[in-house]
1. How big is D for the range 27-71, in µm² s⁻¹ as a whole number, if Stokes-Einstein is applied with the Kirkwood radius of its Cα pairs at 20 °C and 1.002 mPa s?
2. Calculate, in nm to one decimal, what Ala79 and Glu133 gain on full extension: separation in residues at 0.36 nm each, minus their alpha carbon distance.
3. Taking the DSSP beta bridges in the range 2-243 as the whole, what percent of them are antiparallel, to the nearest 5?
4. Using the 2.2 N^0.38 Å rule of thumb for compact globular proteins, work out how the range 144-186 stacks up: its C-alpha Rg over that value, please.
5. Give me D for the range 45-139 in µm² s⁻¹, whole number, from Stokes-Einstein with Rh from the Kirkwood sum over alpha-carbon pairs, 37 °C and 0.692 mPa s.
6. Would you mind checking the range 197-221 for residues with the amide N under 17 Å from a putative spin-label position 7 Å along Cα→C-beta of Phe232?
7. Dividing the convex hull volume of the alpha carbon atoms of the range 150-229 by its residue count, what do you get in Å³ per residue?
8. Is the shape of the range 106-245 rounded, prolate or oblate, going by the alpha carbon gyration tensor and its root eigenvalues a ≥ b ≥ c, with a/c under 1.5 for rounded and a/b larger than b/c for prolate?
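Derivation of every value follows stated rules applied to the coordinates shown; laboratory data play no part. Source: prediction; values computed, not measured. Cβ sites come from the backbone with ideal geometry, for glycine too, and all protein chains shown count toward neighbours.
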Amino acid sequence: MLGKRYVDVMRGQLDKLEGQLEHLSEVADRIAERLATGGALHIHDTGHLLNQELVNRAGGLMAMTPLQYSFSVHNPVSAKHAARPPIGETDSRLAVTNTALDASQVRAEDVLIIGSVSGRAANVVDLALRARERGTLVVALTSLTYSGSVTSKHPSGKRLFEAAEIAIDNGAIEGDACLEVEGLPVRAVPTSGVGAAITAWALVAEVIEKLLARGITPTVYASANLDWGQEFNDRAKHGFDESGI
């Protein structure tokens, strides 16, 4: 059964992730320190999960806010002209990153978590470098194994785990997918989603614990599907808007 094989792989990945709990605790302390002194908490994810998983979730921190941006140009031409080589493609993408930070609410006293499985894309590396230049604490949630096997697309040659101040391993394997299946030319079923979600929620749990140890009660969402949940969240939002935590 392929499903059983996948569950077995994920059990092994969980054991690996458990080995970095002490590191998660240390990272959480750094994050809690920033939040306790007035900083905000942002997340930018280029993968398929974390922007939705960690934001506006029951049991999650109201302080977790998404940083999202996009840039597009509508300029249709003939197939002949479209086949011409791009001009300054990397430079233009990186310019967008800087503009996005300028337009965002990310400040020097804040924390920015950046999620990327391979960590090689130019835009995520640039976001990490530019945010750090501004004094922001940048935490990478990435696969150290995968990142270690690929080259960077950023002009600096750095990958996300090298550009961020702190790196957390999501445990994904090289290439992400894990199941060798007869008849398929490539492996099936990714490892990064489950690993990233568990690692990120473990980090959130540690941040909550660190804040409480400082005498600060963070605002946590109740499930809006409980009979009293939406009313609770509405009241909590008022308090959060005043405290920022």
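1. Approximately 184 µm²/s, per Stokes-Einstein.
2. The span from Ala79 to Glu133 would gain 15.4 nm if fully extended.
3. Roughly 15 percent of the beta bridges in the range 2-243 run antiparallel, per DSSP.
4. Numbers: Rg = 13.5 Å, N = 43, 2.2 N^0.38 = 9.2 Å.
Expressed relative to 2.2 N^0.38 Å, the Cα Rg reads 1.47.
5. 214 µm²/s
6. 217-221
7. Hull volume normalised by residue count: 171 Å³.
8. Working: a/c = 2.76, a/b = 1.46, b/c = 1.90.
Oblate, since a/c reaches 1.5 and b/c is not below a/b.
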